[in-house]
Amino acid sequence: MWGGRFSSGPDAIMEEINASIGFDQRLYRQDIAGSIAHARMLAQTGILTQADRDAIVAGLEQVLAEIEGGKFNFSRALEDIHMNVESRLKEMIGDAAGRLHTARSRNDQVATDFRLYVRDSIDTLATQIATLQLELVKRAEEEAETIMPGFTHLQSAQPVTFGHHLMAYVEMLGRDAGRLADARKRLNESPLGSAALAGTSFPIDRHMTAEALGFDRPTANSLDAVSDRDFALETLSAAAICAVHLSRFAEELVIWSSAQFNFVRLSDKFSTGSSIMPQKRNPDAAELTRAKIGRILGAFTSLLVVMKGLPLAYSKDMQEDKEVTFDALDALSLSLAAMTGMIGDLTVNRQRMHDAASSGFSTATDIADWLVREANIPFRDAHHITGQIVALAERKGIALDGLTIEDFKTIDERIDSRIHKVLSVESSVRSRKSYGGTAPDNVLAQAARWKEALTGE
Ligand code: ARG
């Protein structure tokens, strides 16, 4: 492609360090779409004849069919996807192929391809996130009344409903989808026609190619267009945050499915056995989902470091943007699918959750609140009194609702039998009706709101 100035071909090591075809071949669809848009624009603006355009477009469509049919021979000597496609086009249609690269460079070409690829990935991830959210909403409706211990410090804190816990992740995923949508908006400008770095002297129409490729507009500065990868960084950072959410959720599944917790049972489809211990049902899918954040955050960090300190405009360093980004977006996509699968056929052990919620004095706050409400005691004092009540129950080795009214009165005379109404975990969750609180009615209302937002029904 640049033989004119060179007297020898590249060293084998040069070829190995330089070639990107091993990983950038997955950009073939975007690369061909970009070239077709470019060829049509060149003809429209009179830079290319109609006959050449038709030969180029038909040839590119055939290259696409060859790649999709697995009949294409990718060559490392041709470095990357752009040269592989163009070289095959030349074999097919001859000299006209050489006119396709007019008013274009691989620098704006790769920037365009990569933006298109990341945009497609965002769209897939958005659908996957919505699918997982819907699954969670469905399960939350079923489990709106299921009581489980709510934790702080992984210590029993206050009873909550399992539906409420699931809906917490629906909120997080909603923000993840919002971040990706936001990244997509800023990403959606076309670098094509920025050429190597300075633009071109040909009378091209960048608005035409931008529109043909579904971009909102062409990028406004050619140097910026070929030399920034902030669109990938932004997407990776949104992906990393989403992966952190999935990782926390996965960790909870690992804990909940242990014999010691026994809150949930993952289906056979999403569990694995042990080759030595016959009793084992391992939550491997949850563990791997928990781990994927490693490579996703790694990709974000890696690209950030690659970009740091690069002078404008393009440098070959930037070829390192793709492998890690592909890997990270694949990992997030797989994690979302795994989480959707696990949640979809999870068995919930309601009795066990209820029993766990009833132990650990989890309604102590309800007693303190009762003292404030019914006996007009300041909260700080109520807290102290309740602490003595808990200590008494602990000494007697019973739950709070096992205490008699006489027991209560030994701690504070102002307590009367109405206290018994607030001691159950049911009354505790039912009373948490404040906006955003755990009460079953709230859960159902939030689930209905999300269902409408996600499905338009
Ligand atoms: N394979 C290259 C990349 O991914 C394409 C751009 C090459 N540009 C250049 N000036 N060598 O970045």
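Thr131: among the β-branched types (Val, Ile, Thr) and not in a helix (DSSP H, G or I), yes or no?
Answer is no for this residue.
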- Which pairs have Cβ atoms under 7 Å, sit 6 or more apart or on different chains, and link a residue in the stretch 58-85 that is closer than 16 Å to Ile21 by Cα to one that is within 16 Å of the ligand (Cβ to nearest atom) and of a type in the set (Asp, Glu)? Arg76/Glu15; Ala77/Glu15; Asp80/Asp24; Ile81/Asp24; Ile81/Asp31; His82/Asp31; Val85/Asp31
- Query: What number of residues within the stretch 248-263 satisfy the criterion of being closer than 20 Å to Ala291 by Cβ and surrounded by 17 or more Cβ atoms within 10 Å (Cβ to Cβ)?
  - Reply: 7
- Query: Does the stretch 107-117 include one or more residues that are without any contact (Cβ under 8 Å) to a residue 12 or more places away in the chain and of a type in the set (Ser, Thr, Tyr)?
  - Reply: no
- Query: What residue, among those in the stretch 14-43 that are away from the ligand (no atom under 16 Å from the Cβ) and closer than 15 Å to Ser190 by Cα, is surrounded by the most Cβ atoms within 10 Å (Cβ to Cβ)?
  - Reply: Met41
- Task: Run Ala445 past the list (1) outside any loop (DSSP other than H, G, I, E, B); (2) in contact with a His (Cβ under 9 Å, 6 or more places away or on another chain); (3) closer than 30 Å to Leu136 by Cβ and report the number of the one that doesn't hold.
- Result: (2)
- Within the stretch 44-91, restricting to residues that are farther than 25 Å from Pro203 by Cα, of a type in the set (A, V, I, L, M) and exposed (fewer than 13 other Cβ atoms within 10 Å of the Cβ), the one that is nearest to the ligand (Cβ to nearest atom) is Ala77
- Note on the structure: Note on the stretch 115-127: residues away from the ligand (no atom under 12 Å from the Cβ) and not acidic (Asp, Glu) are Arg115, Leu116, Val118, Arg119, Ser121, Ile122, Thr124, Leu125, Ala126, Thr127
- Query: Here are some residues: Leu213, Leu192. Which one is within 16 Å of the ligand (Cβ to nearest atom), modelled with pLDDT of 95 or more and touching a Gly at 6+ places or on another chain (Cβ under 8 Å)?
  - Reply: Leu192
- Take the stretch 343-375 and flag every residue that is in contact with a Lys or Arg (Cβ under 9 Å, 6 or more places away or on another chain) and either outside any helix (DSSP H, G or I) or not acidic (Asp, Glu) (or both). Ile343, Gly344, Asp345, Leu346, Thr347, Val348, Asn349, Trp370, Leu371, Ala375
- From the list Leu197, Leu173, Leu187, which one is within 16 Å of the ligand (Cβ to nearest atom), at pLDDT 95 or above and in the same structural domain as Val226 (by the TED database)? Leu197
- Query: Does the stretch 326-378 hold any residues that are buried (at least 20 other Cβ atoms within 10 Å of the Cβ) and not aliphatic (A, V, I, L, M), and which are they?
  - Reply: Ser335, Ser358, Ser362, Thr363, Asp366, Trp370
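Would you pick out the residues in the stretch 92-114 that are more than 14 Å from the ligand (Cβ to nearest atom) and β-branched (Val, Ile, Thr)?
Correct list: Ile93, Thr102.
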- Message: Please count how many residues of the stretch 227-286 are under 20 Å from the mean Cα position of the chain (by Cα), among the small types (Gly, Ala, Ser) and within 30 Å of Glu189 (Cα to Cα).
- Response: 6
- Could you please let me know if Ala393 is closer than 30 Å to Ala130 by Cα and assigned to a helix (DSSP H, G or I)? no
- With respect to the numbered conditions (1) at pLDDT 95 or above; (2) touching a strand residue (DSSP E or B) at 6+ places or on another chain (Cβ under 7 Å); (3) farther than 30 Å from Ala177 by Cα, which one is the sole condition not fulfilled by Val348? (3)
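The values are calculated or read from the model by the stated rules, or taken from the named source; none is laboratory data. Small disclaimer: the values here were computed from a predicted structure and weren't measured. Cβ coordinates were reconstructed from backbone atoms using ideal geometry, including for glycine residues, and neighbour counts include every protein chain displayed.
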